[in-house]
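Comments concern the structure below.
The values are calculated or read from the model by the stated rules, or taken from the named source; none is laboratory data. These numbers come from a predicted model, not from an experiment. All Cβ positions, even for glycine, are placed from backbone atoms using ideal geometry, and neighbour counts span all protein chains on display.
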Amino acid sequence: MLLNEKPISISVNRFLIFLSVFNIIGIISVSYFYGINTGLKGSYALISIFLAYILFQGTTISQGSTSESIKYSKLAMSIILLSVTGIAITDFNLAISAFVFGLVSVLIILNLSHSGFSHNIWIILLALSSILGPIGKIYSSRLYYGSTDIFPHLGIVREITKSQSLFTISGNYKFFPGYHLTVTTIELLTGLNTYDALVFLGVITFVTGIFGIIFLTNILYHNNYKLSLAAALGYCSLPVVFSYHSYFTTHPFGTTLSIYFIICILKRKSYRFMLIFLLVVGAVTISHHLSLGIVVVFLFLAAAIELGSYRVTNFPQRAWTAQKRAFYLLLVGTIPLTYWSFFGESFITRFLISSKNALYLLIYGTGETSATIITLGNVQPKIPSQNIADFIFNTSTINITIMLGLFLIGFLIMLSEKYNHRVIAILPISIISVMFLLKLPIQIPQQPRFQMVGSIFVSIVIGVGIYSTTRIQSDTRTIAKIILIFLLCTTALIQGSYGTHYLLTDSNNSGGSFSTSEYEHITQSREFSYHYNKDVESLYIEYRYISSFNQPIGWAGANNEGIEVDSKLLLVRESWSNQLLFSSGAGLGVKNQLYMSEYWLRSAINNKNVIYTSGDNKYVYMDKPQNFNNEIDRSM
């Protein structure tokens, strides 16, 4: 630790007053452009600032004792073991999983307040309690597909297993097969089916990410095990972490590898870490280009800040060390960039298009092509409540409010204490990252992906805030701390189960799943269309699922008269009524929102020629391109 460094002088009260004024100006501005309801929804940040003011304690973060103690650990382990039985009996009830995770988190905080501390035991307990959410979400249904991103990845793994070759992969992922090759290896070694192998890798990735945050914080804070565990708890208190680790796609896999990429950068003088570093760079380069790309950009910024801070404070030797680290980062950063540019199909073009769309959204608050809402029959679209109280007192707002308060506490402490320049360098990155986690009146392209990568840096600052609360002596504030930590962690697990879209003006875009009966019926329907080699169309979820078996079908569009069908068969599901559905829209990847009433759907099915039925799945024969509607089919 750099003991001869001077802390940054900062007036906490003035800083928080400045943030409050800035937030009020933001509320007024948003109210002017988007309406008073949307503007007032941003008032949650004022509550966060108030929490930071109440809980902020200007104390140093001590190294803490590493002596072994099992205080509270037996109780926590008993709770977890009993909860596993209870969760299984209640069909993996989400509320029980969230309650257990919140309770274990509170016990961790209470244990951090004592001098005796067994970090190994509590790391294991944190990992066990946190994975209850994703595992429970997955096994409460036959197949959890979340945002449906999982379907194409399942298809790629099935194709690799079938052909025993990577060259059969279609699309851009043929150049980035690392994740799929890992799932295939697990499938072949364990005998698990494709979905279970993917889930197995996801659980391992989640736990490995928790350990990675602990290792990273230990490096930054010189083996402060208490703070490292608090940072890991901060990582698990972010809904985006639970959300992405509930449907286990390439992004959390790449993000976890990126954590170890950062660790190896900081440990570059060790030959052992150099070897690991080369393996990590190679793995993440061929697994998920976006994760490492975002991390490299963030690290370049951190290296520049660290280098500048050394020069300003007149540490020429450390400035030279930071300069070498920046050059080293630049050198290794060119490896994946060169690979992506050379092998990735139109990588540079797609990057420029994404940058253009991002700029357009930031300026105008909407896209060049937008989705429309289509209603069929007497049904009302699910419009989010405009009630301010409903907005503030929901799981996502509660979680973000407490998270932001702890982030502000950690930020203030990191500025005011005698820490090394590498720690100070991550603050600007954390500020950028936390902006992606907040509720904003505009949607940032790929926002959840930036949230996942940014969680690496935000969790460290939150960890500092969490750990600082363990030094609170007041009984009243201690009770408040326990309540806040419990709410933070329970809402993270619950909100993580409903997606990570934090747009103030957006509707709830929750994920989905197939129950056992739904899965059996849609599987039988898929086999029917495959056996007869029929030309089939359906709506978005069914289109994505069936296509994952390398059995391409069409994605049907819709208009105010019905579903637009260009194929011979339309796969219809009776469960479509009164649900948010997605039809193909104008523009690549644009999804129109579609709602249909139960009466309209039942009439449409009865008036058409149904040639196959499996549960609520029905194949409707269309002799020519036409709309699927509730008019009588004269060709019957």
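Numbers for the structure displayed
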{"item": "Which listed residue is assigned to a loop (DSSP other than H, G, I, E, B), in contact with a helix residue (DSSP H, G or I) (Cβ under 9 Å, 6 or more places away or on another chain) and modelled with pLDDT under 80, from 385, 370", "result": "385"}
{"item": "Test: residue in the range 440-462 that is in the same structural domain as residue 263 (by TED's automatic domain parsing), in a helix (DSSP H, G or I), modelled with pLDDT under 85 and among the basic types (Lys, Arg)", "result": "yes"}
{"item": "Complete set of residues in the range 16-37 that are of a type outside the set (Gly, Ala, Ser) and either touching a Gly at 6+ places or on another chain (Cβ under 6 Å) or not assigned by TED's automatic domain parsing to the domain that holds residue 415 (or both)", "result": "27, 30"}
{"item": "Residues of the range 465-494 classified as aromatic (Phe, Trp, Tyr) and within 22 Å of the chain's Cα centre (by Cα), total", "result": "1"}
{"item": "Single match in 500, 469 (criterion: modelled with pLDDT under 85, on the phi < 0 side of the Ramachandran plot, touching a Leu at 6+ places or on another chain (Cβ under 7 Å) and hydroxyl-bearing (Ser, Thr, Tyr))", "result": "469"}
{"item": "Test: residue in the range 186-195 that is at pLDDT 85 or above and crowded, with 24+ Cβ neighbours inside 10 Å", "result": "no"}
{"item": "Residue that is more than 25 Å from residue 409 (Cα to Cα), of a type outside the set (Ser, Thr, Tyr), assigned to a helix (DSSP H, G or I) and at pLDDT 65 or above, where the choices are 23, 111, 120", "result": "120"}
{"item": "Residue check, residue 525 buried (at least 22 other Cβ atoms within 10 Å of the Cβ), in contact (Cβ under 8 Å) with a residue 60 or more places away in the chain, under 14 Å from residue 620 (Cα atoms) and outside the structural domain of residue 148 (by TED's automatic domain parsing)", "result": "yes"}
{"item": "Set 251, 222, 245: member being at pLDDT below 85 and assigned to a loop (DSSP other than H, G, I, E, B)", "result": "222"}
{"item": "Given (1) in contact (Cβ under 8 Å) with a residue 40 or more places away in the chain; (2) crowded, with 16+ Cβ neighbours inside 10 Å, index of the condition residue 169 fails", "result": "(1)"}
